[in-house]
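A short worksheet on the structure shown next.
FYI, it's all coordinate maths here, none of it is from the lab. Bear in mind the structure is a predicted one, so any value in this text is a computation, not a measurement. Cβ placement follows ideal geometry from the backbone for every residue including glycine, while neighbour counts extend to all protein chains displayed.
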Amino acid sequence: MSSLNPTLSVVVIGRNEGQRLRRCLESIRDCNPIGGLVEVIYVDSNSTDGSPALAATCGATVIEVGASRPSAALARNAGWRAAAAPWILFLDGDTILHPAFPRLALHHAREASVAAVWGHRREISPSANFFHRVLDLDWVYAPGLTPFCGGDALFRRDALEQVDGFDETLIAGEEPELCTRLRARGFQILHIDAPMTGHDLAITRWSQYWRRAARAGYAYAQMAWRTRGEQLPLWSTEARANVLRALVLLALVAAIPFAPLPALVILATLIVRSAWRSRWKSDDNFSLLCYGAHSHLQQLPIFAGQIAFWWDLAQNRRRGLIEYK
């Protein structure tokens, strides 16, 4: 790997990822981006586990972001602005890069209108527990043009420059927000039908699951508030739908002591209906039923995250990073 006139700059961000980071950096060695050189940059956000030193031993250029309010947006901006290549591949430190993805992504990004290309991110151990099983299916999206991408994606550098990169005031939802601004300028976000990364979710407790979903809810509310009235509003529909679904779920749970059979039948019907609608994601019926339960269960922490945003807004307070690991 070299940073001399590279074809591709891979920007890995992380915070206390430990050996997951080593695995991520080692996976980049096997990629093959159309015969060019690869520059690897690791951006660390106040790790206490020796991640910067580990990344250096793996041959990465290390940037340490010592901000009092670290965020993925801040780290990614530091990485791509220091990069030398015309193409930037962003990875999270808890992922493993599929060796064929960079070449495929660069091939699909030849059209000047395509600002970002992403593929399939899936869990490394989807059957480890309920959380891994259902959140693995959360990563499944239909290929084609999409409104936004996730944290792992290939970006055109000049597109990032046109919109000045990620919004560093956000603690979540920075990729969809960036993609919304890119689409407003006529760019496209392309999801290709190819493996991109394996992800190590590392969730084993309900509290982690709750915080992760609450972070999503915070992003829903924040983006709906910021983009209200704009040409391309972001997540306003999802935020409203979450409020309704959370209130329905709370009402059903509250009804169980008084009318257990009807309440449980309605809950079961909702779960089965969600599983049926998601059958295109998997042919494993057990996983689909778990996913159906998750699609409703997660509404409560998402709703809590929305409430947290509105509380912060009323208090004129900036919240720090919401971590679940």
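Placing dummy labels 7 Å off each Cα toward the beta-carbon, the span from THR269 to ARG319 is 3.4 nm. For the range 92-121, the set of trypsin sites (Lys or Arg not before Pro) satisfying both a DSSP loop assignment and a count of at most 14 other C-beta atoms within 10 Å is given as ARG110. DSSP beta bridges fully contained in the range 8-204 are about 35 percent antiparallel. Given R0 = 51 Å, the distance between the Cβ atoms of GLU230 and VAL62 translates into a calculated FRET efficiency of 0.85.
Which of SER125, SER282 comes first, and how do the rest follow, when ranked by fewest Cβ neighbours within 10 Å? Don't jump to the answer; show the numbers that get you there.
Numbers: SER125 14, SER282 17.
Ordered by Cβ neighbours within 10 Å, fewest first: SER125, SER282.
Couplings for the range 178-192, taken from phi via the Karplus curve 6.51 cos²θ - 1.76 cosθ + 1.60 with θ = phi - 60°, read 4, 5, 5, 5, 5, 5, 5, 9, x, 7, 10, 10, 10, 9, 9 Hz in order; Gly and Pro are left as x.
Compute the angle between helix 72-82 and the longest alpha-carbon principal axis of the chain, please, reported from 0 to 90 degrees and rounded to the nearest 10. Long axis of 72-82 versus the principal axis of the chain: about 10 degrees. Near the amide H of GLN188, within less than 5 Å, lie the amide hydrogens of VAL114, ALA115, ALA116, all on another chain or at least 5 residues away, with H placed in the peptide plane. Between ARG157 and GLU26, the modelled labels are 3.0 nm apart [label points 7 Å from Cα along Cα→Cβ].
Fewest first, what order do PHE155, PHE309, PHE90 take by the number of other Cβ atoms within 10 Å? Walk me through the intermediate numbers first.
Details: PHE155 30, PHE309 23, PHE90 27.
Listed from fewest to most nearby Cβ atoms, that is PHE309, PHE90, PHE155.
By the count of neighbouring beta-carbon atoms within 10 Å, fewest first, LYS281, LYS325 end up ordered LYS325, LYS281.
Computed extension length for TRP311-PHE286: 5.2 nm, one decimal, from 0.36 nm per residue of separation with the Cα-Cα distance subtracted.
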